[in-house]
Each structure stands twice: as structure tokens, then as C-alpha cells.
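The values are calculated or read from the model by the stated rules, or taken from the named source; none is laboratory data. Just so you know, these numbers come straight off a predicted model, no measurement behind them. Neighbour counts are summed over all protein chains in view; Cβ atoms, including those assigned to glycine, are modelled from backbone coordinates with ideal geometry.
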């Protein structure tokens, strides 16, 4: 059966890019999807633009205070059915062509696929390509030893796509630092690490095709701020130092 896809779009002060992002989503040739948009207390026109593009089946949430990405994603845990698929698209990024969701849907017609990651390109086209995604080594998958990879040797990347039920198996504390605060950067690592471990027994897929465009025009990205880079390394070290999750042999329901 064709899966229903929830495209989750978190954004903060993205008025320069949010229209391009949303247009790339709502013009997809796949029809079984909706868009859940979160304006995380922006001080610009991000929410206004979101509402102008949202279709009747879509949803716009406007936060009164900045909550950070992990907390915003927690809010979608009860959205739709357990087998539904969540596809994360940051509000300053965009999808490179109208067939992205169709390709994702074909893969997730297999109920045994719980998690997918892949590779991306960068915008503008002359932006350097850093950390392109690649398959995990077989021994890493066999031992579910993802946390033993160094911070600079990550092999997963956008897009991040997963079953809603799988994300529901991630504990809130796994998305927080040791002081109980939501991670403010490198949320993808916090989200992906436990889900990779839970799906390690043959239930995740590396897709080599480019299905995502990362926007380098945004000057607030980690790659352009030394302080954010240091914070990202701290977050990675915190996550990698925690006890790993045991793989599920089958769906837990």
C-alpha cells in the first residue's frame, strides 16, 4: 500500500527561503501527503508566508517562544497512523525535483523498511559538498556500533525519513543534553542515533539518489559559525557516549 507521508517543516526566521521550500513540497507529483509546518517564534514573516502557501490539509503551528527542533518534532508523535512516514525538510532547504516523495513512497511500500537516509546537494551549486552520505560498513551494522564512529566520520545525511512508530520509540531524554535541556544543534544526530540502532537488524535503507537540497545561503548554519561547530561536536560526543539501544527484531506491535 502507498504510505501516507507527513512532511515536517521546522523554521526560524526563514522568510527569505520558506516559500521556495514549501513550493518544492506542495508541487510534488505524489498526492498522499500533508505538510506540518512549525514557525519556532520567528521575528520575521515566516509564519505569514507559511499560512499563505498551506493547503487545507496542511497545518501551521506558530510558537510563542522558541522551543528548538527536538521539542517541535515531539509534537508530531501522535500525528496519523503508526505506519505513516515522517520526512523532515528544514525551512531554509528544499526538495530538488517533483518526484522526491514518489521515490520515497515506493521504498516505504515495504512495511519492513522503518528508516531511510540518503545524500543531498548544496545550494548554490558551487557550494562545497561536505560529508556526502554513504552506506555504513557491514561490520558497523552487524554490531550496531554506530556510536563508535567519530564525529567527523558520519555517513548518514539528509533526507531523514522514518516511520512515525519508530520515532515514538525514541525517549525524550535522548533528545536532551545531560542537564535536561533540548539539544539546540545537531538534532539530526540525536534523532537518528537511537532509530538507527533500533532498525539495525535489516530495517533501514541507504538511498544513493539525491533527494534533498541543503541551503548554504543561510549564514546561521553550523558550517559557518565556529561556536556552533564546537557545540555540534559537544552534542555528538554526548550522544555517542550514551548507552546504545538494542535492535528490534520485528515491529513491536
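Things worth noting here:
- Flag if residue 229 is more than 27 Å from residue 98 (Cα to Cα) and either in contact with a strand residue (DSSP E or B) (Cβ under 9 Å, 6 or more places away or on another chain) or not in a helix (DSSP H, G or I) (or both): no
- Qualifying positions in region 152-175 - surrounded by 16 or more Cβ atoms within 10 Å (Cβ to Cβ) and in a helix (DSSP H, G or I): 164, 165, 166, 167, 174, 175
- Among the residues of region 181-195, those that are within 26 Å of residue 135 (Cα to Cα) and either modelled with pLDDT of 95 or more or assigned to a strand (DSSP E or B) (or both) comprise 194, 195.
- Qualifying residue in region 58-75 (condition: over 24 Å from residue 107 (Cβ atoms) and crowded, with 22+ Cβ neighbours inside 10 Å): yes
- Of the criteria (1) touching a helix residue (DSSP H, G or I) at 6+ places or on another chain (Cβ under 9 Å); (2) assigned to a helix (DSSP H, G or I); (3) modelled with pLDDT of 90 or more; (4) surrounded by fewer than 14 Cβ atoms within 10 Å (Cβ to Cβ), which one residue 178 fails: (2)
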